[in-house]
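Worksheet: one structure, shown below.
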Amino acid sequence: MDSAQLDQFIHGKRVTFEGSKSSTREFARHLDASDPLASFRKEFLIPSKADLKDPHPEAKPVEKCNDPSDPCIYFCGNSLGLQPKNTQTLIAEELRIWATRGVQGHFNHPLSRPWVSAPEEVNTHMANVVGALPEEVSVMGTLTANIHTLLASFYKPEVTKKGRYKIIIEGKAFPSDHYAVESQIEWHGLDPKDALVTIFPEGDRKVLTTDQICRVIDENASTTAVLWLSGVQYYTGQAFDIKAITRHAQNKGILVGWDLAHAVGNILLELHEWGVDFAAWCTYKYLSSGPGGIAGIFVHEKHASPERHRLAGWWGHDKASRFTMDNVFRPMPGAAGYQMSNPSILDIAALLSSLSLYSKATMSAIRTKSVQMTGYLDYLLHSQFEPYDPKPFEIITPQNPASRGAQLSLIFREGLMMQVFDGLQERGIIVDERKPDVIRAAPLPLYNTFEEVWDFVQALKEAIDDASKGGVTVGKVEVDIRENGPVSP
């Protein structure tokens with residue numbers, strides 16, 4: 001591979017490499033040897049293959065878990081990130097302070113992390129991840145609850161005038177987004193059949209285009225109050241052009257919000273510079289805050305006025321007078337004024353553990369490696385399955401690196417996916433499935449390696465070939481369908 005070809009590879013473009021070295025394990029190891037983020041892998045607890053097969057892992061001594069000589073391949077950080085090693089330490093410290101100080105931990109904290117101001121340090125780290133000012137970010141609540149909180153402030157339909165009352169979303173948005181948006185519409189006495197505009201891919205396309213989204217915005221410009229889209233689509237892995245779409249909608253007088261659940265910690269974000277009005281996200285995927293970890297919101301400083309209506313809670317009250325208990329709500333400016341209750345300190349500690357790693361690595365370096373790693377996976381999937389006819393799967397994630405994050409979504413021919421998924425799990429490879437036919441694979445820059453990408457593709461070939469023996473037509477192999485009919489998806 002010459003320098004020009006390497007440059008193409010780094011920027012995620014599929015090319016035909018000279019010779020076969022690029023398809024070898026040795027080449028993958030060469031990429032790992034030159035990886036500037038390689039040292040971060042040791043900061044995470046990676047389940048071993050033995051851990052995954054143990055029916056009672058809770059009974060195993062801690063020192064017997066996470067055997068580094070037999071790690072699984074974990075390509076599921078797009079669903080739940082792995083645990084940083086320091087998480088247990090930080091949580092244990094807070095539990096110790098609770099045990100020895102009780103309520104005094106709120107103000108008299110021996111480690112200089114008083115509970116009353118714990119979110120502030122985390123907000124600074126989070127602002128760096130999403131490209132925001134610290135005062136534009138608040139770590140709080142859970143994703144769907146935060147969507148409701150933000151829409152309660154930003155969705156003000158003109159019910160009687162029949163002016164701006166619609167919300168535009170993806171037709172295939174995550175179900176929770178659909179539920180939240182529809183219920184907000186109904187809360188205002190409107191009918192989602194009239195007030196909800198859904199955008200589906202056109203024709204045979206698997207993904208939306210920026211042009212299509214902008215066209216729908218134009219068609220509904222005079223009657224739309226809010227545009228609500230996902231930064232990275234959960235099913236296809238498509239990354240939307242947040243900057244361009246935001247600008248186009250705002251030029252039509254529409255407020256723009258983003259669900260960044262699959263974008264935060266995955267792609268580069270510049271929410272302040274792009275002028276996004278508001279956004280919400282969870283932190284347990286790419287940011288590894290733990291199952292159901294605390295979520296976050298963004299409110300642009302142009303909406304920072306305390307006069308903006310929001311659902312009120314005492315933790316959003318002006319900090320200087322929060323404990324005067326006078327029952328007159330005076331919200332803090334910015335995102336902090338949207339807080340309702342004091343946050344879980346254990347959740348804050350877990351998120352701080354992860355975000356400190358992201359701050360040290362930087363999102364720029366993380367994104368650079370992600371483009372390389374996903375590009376390498378894309379290349380191997382195409383080159384290794386080239387001889388198969390017909391192809392066992394199609395990659396529905398966009399080929400353009402700027403239009404995708406770490407995740408590649410593979411849609412399998414009918415009846416094949418679950419057998420392949422089970423085969424990967426038997427081989428100690430963790431991905432996730434979305435029925436009926438999609439497997440999502442997401443190598444993450446901070447703890448996955450290029451060699452793991454290579455191993456994954458070899459295991460995928462084995463799992464697909466094994467499926468052919470069970471009654472599914474794969475590649476050039478023709479086999480009989482089972483007596484009781486086609487294999488169930």
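The values are calculated or read from the model by the stated rules, or taken from the named source; none is laboratory data. In this text the structure is predicted, and so the values were computed from the model without any measurement. Every residue, glycine among them, receives a Cβ derived from its backbone with ideal geometry; neighbour counts consider all protein chains shown. Heads up: the accessible areas ignore ligands, DNA and RNA and are worked out on the full protein's heavy atoms, side chains in. Shrake-Rupley method; radii C 1.70, N 1.55, O 1.52, S 1.80 Å.
Separation of segment 409-438 and segment 141-165, taken as the distance between their Cα centroids, equals 38 angstrom.
What number does segment 198-247 give for Rg over Rh if you use C-alpha atoms and the Kirkwood radius? Taking Rh as the inverse mean 1/r over Cα pairs, Rg/Rh reads 0.94.
A simple count of charges around residue 307, restricted to other residues whose Cβ falls under 14 Å of its Cβ and scoring Lys, Arg +1 and Asp, Glu -1, yields +4. Normalised by residue number, the volume inside the convex hull of the Cα atoms of segment 95-249 is 161 Å³ per residue. Across segment 229-244, coupling constants 3J(HN,Hα) worked out from phi with the 6.51/-1.76/1.60 Karplus curve, θ = phi - 60°, read 10, 9, x, 10, 6, 4, 7, 8, x, 5, 9, 7, 7, 4, 4, 5 Hz, and Gly and Pro carry x. Compute the separation of the alpha-carbon centres of segment 224-247 and segment 56-95 and state it in Å as a whole number. Rounded to whole Å, the Cα centres lie 33 Å apart. When you count the other C-beta atoms within 10 angstrom of each residue and take the mean per peptide, 229-240, 44-55, 112-123, 433-444 line up highest first as 229-240, 433-444, 112-123, 44-55. In this simple spin-label approximation, residue 92 and residue 462 carry label points 7 Å from Cα along the Cα→Cβ vector, and these lie 3.6 nm apart. Model label points for residue 128 and residue 330, set 7 angstrom from Cα along the Cα-to-Cβ axis, are 3.3 nm apart. Averaging the Cα positions of each part gives two centres, and for segment 103-119 and segment 286-361 these lie 16 Å apart. The listed peptides 361-372, 209-220, 265-276, ordered by packing as a protection proxy, come out as 265-276, 361-372, 209-220 (highest mean of other Cβ atoms within 10 Å first). Taking all C-alpha pairs of segment 119-359, those more than 26 Å from each other amount to 36 percent. Over segment 252-351, accessible surface divided per residue gives 37 Å², non-protein components excluded, 1.4 Å probe. Under 5 Å between amide hydrogens, built in the peptide plane, is the criterion, and for residue 404 it picks out 239 among residues at least 5 positions away or on other chains. Our Cα-only numbers for segment 82-141 put the radius of gyration and Dmax at 13.3, 38 Å. Calculated on the Cα set of segment 282-340, radius of gyration then Dmax: 13.7, 41 Å. Summary value for the chain: 21 percent relative contact order, contacts being C-alpha pairs under 8 angstrom separated by 6+ residues.
Expressed to the nearest 5 percent, the antiparallel share of DSSP beta bridges inside segment 119-359 is 40 percent. Length available on full extension from residue 65 to residue 244: 0.36 nm per residue minus the Cα-Cα distance, which gives 59.8 nm.
Summing charges over neighbours of residue 461, with a neighbour being any other residue whose Cβ is under 13 Å away from its Cβ, gives -3 when K and R count +1 and D and E count -1. Residues whose amide H falls under 5 Å from that of residue 197, counting only those 5 or more places apart or on a different chain, are 167, 168, 169, with hydrogens built in the peptide plane. Counting only protein heavy atoms and a 1.4 Å probe, tell me what percentage of segment 119-359's accessible area is made up of carbon and sulfur. Answer for segment 119-359: carbon and sulfur cover 53 percent of the accessible area. Note on segment 61-179: Rg/Rh from C-alpha atoms, Kirkwood Rh, equals 1.10.
On a per residue basis, the convex hull of the C-alpha atoms belonging to the chain measures out at 172 Å³. As a ratio to 2.2 N^0.38 Å, the alpha-carbon radius of gyration computed for segment 296-429 takes the value 1.68.
Here's how it looks for residue 45: its modeled amide H is under 5 Å from those of 83, 85, which are all 5 or more places away or on a different chain. Overall, the ratio between the Cα radius of gyration of segment 116-168 and 2.2 N^0.38 Å, rounded to two decimals, is 1.54. Most simply put, the chain has about 55% antiparallel DSSP beta bridges, counting only bridges with both residues inside it.
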